[in-house]
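The values are calculated or read from the model by the stated rules, or taken from the named source; none is laboratory data. Note that the coordinates shown come from a computational prediction; the quantities given were computed from them, not determined experimentally. When we count neighbours, we look across all protein chains shown, and the Cβ atoms used for this are built from the backbone with ideal geometry, even at glycine.
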Amino acid sequence: MRMASGLQQPFRNAVLILVWSWLLLLVLVPNLLVIAASVMTRDAGSFLSLPLTLDAYRQLLNPLYLEVFLQSLYMAVMTTLVCLLIGYPFAWSLSLMGPRARILLIFLLIVPFWTNSLVRTYALKLILATNGLLNQGLMNLGLINEPLRLLYTEGAVIIGLVYLLLPFMILPLYSVFEDLRKELLMASHDLGAGPLATFVHVIIPLTLPGILAGVMLVLLPAMGLFFVPDILGGSRNLLVGNVIKNQFLDARNWPFGAAASIFLTLAMAFLMFAHRLSKRRIGEEGA
Amino acid sequence: MNRWLSRSYLTLVYLLLYVPILVLVVFSFNDARTGYEWGGLSLRWYHALFGNRAMVQAMWNSLWLALSAATVSTLIGVLTALALHRYRFRGKQLLNSMLFIVMMSPEIVLAISLLALFLLVGIQLGYFSLLLAHVTFCLPFVVITVMARLSGFDERLPEAARDLGASDFTMTRTVLIPAIMPALLAGWLLGFTLSLDDVVVSTFVGGPGYEILPLRIYSMVRVGLKPEVNALGTLLLVFSLFMLMLSQWILIRSKR
């Protein structure tokens with residue numbers, strides 16, 4: 001590509017200055033502020049004050065909060081597992097459909113993504129409530145005698161998270177299944193591998209980048225989507241997102257909220273790193 | 001995999017995805033007060049919705065915010081995509097990774113970092129803070145949409161324009177912009193929808209002076225059932241379906 005010269009230079013520079021200043025002022029600086037906030041002392045008047053301290057991080061390890069973190073991690077891992085269990089065969093089946101059907105099916109998959117997530121969470125409430133549709137249906141069928149307690153449970157929150165995040169698991173999986181070359185499966189078969197061996201030794205390794213991308217896109221939001229437990233889980237602190245929100249907006253404990261948010265960022269960095277590594281490995285083995 | 005099995009599996013999952021949405025739409029026309037029983041067809045919840053002045057105000061606020069956030073992020077995003085595509089410059093890789101990180105980071109992380117900035121700098125929480133935040137999370141999506149389009153672009157066209165004496169600015173205006181128009185519109189629509197849908201970031205950087213729809217819905221649905229929300233949800237659904245079909249139509253038509 002030709003290097004910029006003459007008239008091009010001012011245009012190029014103007015664009016670069018604009019986008020860089022936007023990213024520096026609204027992404028880099030705010031994140032530095034969060035890091036700074038996490039090592040400062042809580043202050044009632046101005047939110048933060050000196051001296052510098054690691055109290056917020058120590059507080060994260062306090063059994064009370066540690067429990068919330070583990071709980072949140074548990075909910076997120078369960079959500080991710082359910083999404084993977086539903087999404088993996090789904091993406092596989094999708095990749096086997098004809099090209100025209102695939103376009104329509106992908107469209108149907110992203111329609112919910114474009115619809116208000118709050119409204120969709122609320123719609124689940126209509127179904128799961130004590131006298132909601134699911135309980136009414138089961139009672140009419142005579143399967144149960146009194147309504148089950150579905151709403152305001154951990155299960156309801158996991159259902160809500162899966163419902164919102166499933167497309168984010170399916171889309172990256174679908175893109176790796178689309179690239180999966182059928183010859184490789186046949187070669188595995190010709191070399192005497194049964195379906196299970198082919199699945200474990202060929203299909204899983206080749207779709208690993210998609211699995212990790214999906215896990216990344218589901219696991220992290222699943223820890224942060226505080227409105228799902230608020231609507232479906234009663235008002236307990238089920239997710240790290242709820243803790244961050246409460247500490248920042250209600251309790252005004254900025255250092256702690258900031259430290260919790262840094263924990264999420266580190267988790268993201270770790271997953272991104274794992275994803276890169278898996279992609280590189282596949283690239284080497286393919287070459 | 002078995003053909004029949006895989007098809008019935010796909011059907012089942014699609015059913016599960018769409019049942020709650022269908023229930024919402026059906027119940028928005030329900031005349032019953034309680035929300036769980038069927039009381040006949042009625043438009044009462046739509047009447048209630050539009051009779052609520054605060055609600056109508058929140059709708060306008062949300063629309064205006066989404067319009068402006070989509071427009072600003074498309075402007076900056078298109079220019080950024082052009083710069084990333086056409087120029088070599090120091091820090092290009094860094095710029096790419098920063099956009100990627102913004103897209104991948106959990107919304108709540110972005111939300112508290114922006115709140116910290118706004119309170120520190122003294123920007124009052126309201127329309128302006130919401131606009132800055134929404135543009136920031138829409139920006140990477142616009143850049144990616146436009147970049148995807150540019151990567152399939154015939155490189156000889158801008159060269160030809162330049163050889164014919166066009167300045168970079170003229171070339172961009174007459175060759176590049178028309179070529180990326182579909183991606184530009186698709187990016188705008190995506191930004192619009194993302195902004196209209198956002199709950200997490202808006203909860204943090206919104207202010208009481210500028211109430212927007214998601215926050216109003218949030219405060220309504222936290223306790224119990226509110227049948228007006230069914231009506232509102234149905235309207236939002238129809239609206240986003242329209243936007244999505246529009247953007248797909250633009251993209252598909254441009255490929256012919």
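Looking only at residues in segment A:142-198 that are in a loop (DSSP other than H, G, I, E, B) and either within 12 Å of chain B (Cβ to nearest Cβ) or touching a residue at least 12 places away in the same chain (Cβ under 8 Å) (or both), the one that is surrounded by the most Cβ atoms within 10 Å (Cβ to Cβ) is A:L151.
When B:W38 is tested against (1) away from chain A (no Cβ under 11 Å); (2) loosely packed, with under 14 Cβ neighbours inside 10 Å, only condition (1) is not met. Assess whether A:G214 counts as being out of contact with any helix residue (DSSP H, G or I) (no Cβ under 9 Å at 6 or more places or on another chain) and more than 23 Å from B:V223 (Cβ to Cβ). Against the criterion (out of contact with any helix residue (DSSP H, G or I) (no Cβ under 9 Å at 6 or more places or on another chain) and more than 23 Å from B:V223 (Cβ to Cβ)), A:G214 does not qualify. Each residue in segment B:230-256 was checked for being farther than 21 Å from B:L190 by Cα and modelled with pLDDT under 85, and 1 of them qualify.
When you go through A:L126, A:L84 one by one, which is the residue that is more than 7 Å from every other protein chain (Cβ to nearest Cβ), hydrophobic (A, V, I, L, M, F, W, C) and in contact with a Gly (Cβ under 9 Å, 6 or more places away or on another chain)? Sole residue among the options that is more than 7 Å from every other protein chain (Cβ to nearest Cβ), hydrophobic (A, V, I, L, M, F, W, C) and in contact with a Gly (Cβ under 9 Å, 6 or more places away or on another chain): A:L84.
Would you point out the residue of segment B:1-35, among those that are crowded, with 16+ Cβ neighbours inside 10 Å and part of a loop (DSSP other than H, G, I, E, B), that is farthest from the other protein chains (Cβ to nearest Cβ)? Going through the qualifying residues, I end up with B:F29. Residues of segment B:221-242 that are within 9 Å of chain A (Cβ to nearest Cβ), part of a helix (DSSP H, G or I) and either buried (at least 17 other Cβ atoms within 10 Å of the Cβ) or of a type in the set (D, E, K, R) (or both): B:V221, B:V229, B:N230, B:L232, B:G233, B:T234, B:L236, B:L237, B:S240. Being crowded, with 21+ Cβ neighbours inside 10 Å, facing chain A (nearest Cβ under 9 Å) and either within 16 Å of the chain's Cα centre (by Cα) or not in a helix (DSSP H, G or I) (or both) is a property that B:A133 has. Restricting attention to segment A:234-287 and to residues that are surrounded by 17 or more Cβ atoms within 10 Å (Cβ to Cβ), among the aliphatic types (A, V, I, L, M) and in a loop (DSSP other than H, G, I, E, B), the residue that is modelled with the highest pLDDT turns out to be A:L239.
Okay, residues lined up against (1) away from chain A (no Cβ under 11 Å); (2) surrounded by fewer than 19 Cβ atoms within 10 Å (Cβ to Cβ); (3) at pLDDT below 90; (4) over 26 Å from A:F168 (Cα atoms):
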site: B:A58; (1), (2), (3), (4): yes, no, no, yes
site: B:R86; (1), (2), (3), (4): no, no, yes, yes
site: B:G91; (1), (2), (3), (4): no, yes, yes, yes
site: B:L110; (1), (2), (3), (4): no, no, no, no
site: B:G122; (1), (2), (3), (4): yes, yes, yes, yes
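Residues that are assigned to a helix (DSSP H, G or I) and without any contact (Cβ under 8 Å) to a residue 12 or more places away in the chain do not occur anywhere in segment B:202-214.
Condition first: closer than 24 Å to A:L26 by Cα and either modelled with pLDDT of 80 or more or crowded, with 22+ Cβ neighbours inside 10 Å (or both). Can you find one or more residues in segment B:167-184 that meet it? Yes: segment B:167-184 contains one or more residues that are closer than 24 Å to A:L26 by Cα and either modelled with pLDDT of 80 or more or crowded, with 22+ Cβ neighbours inside 10 Å (or both).
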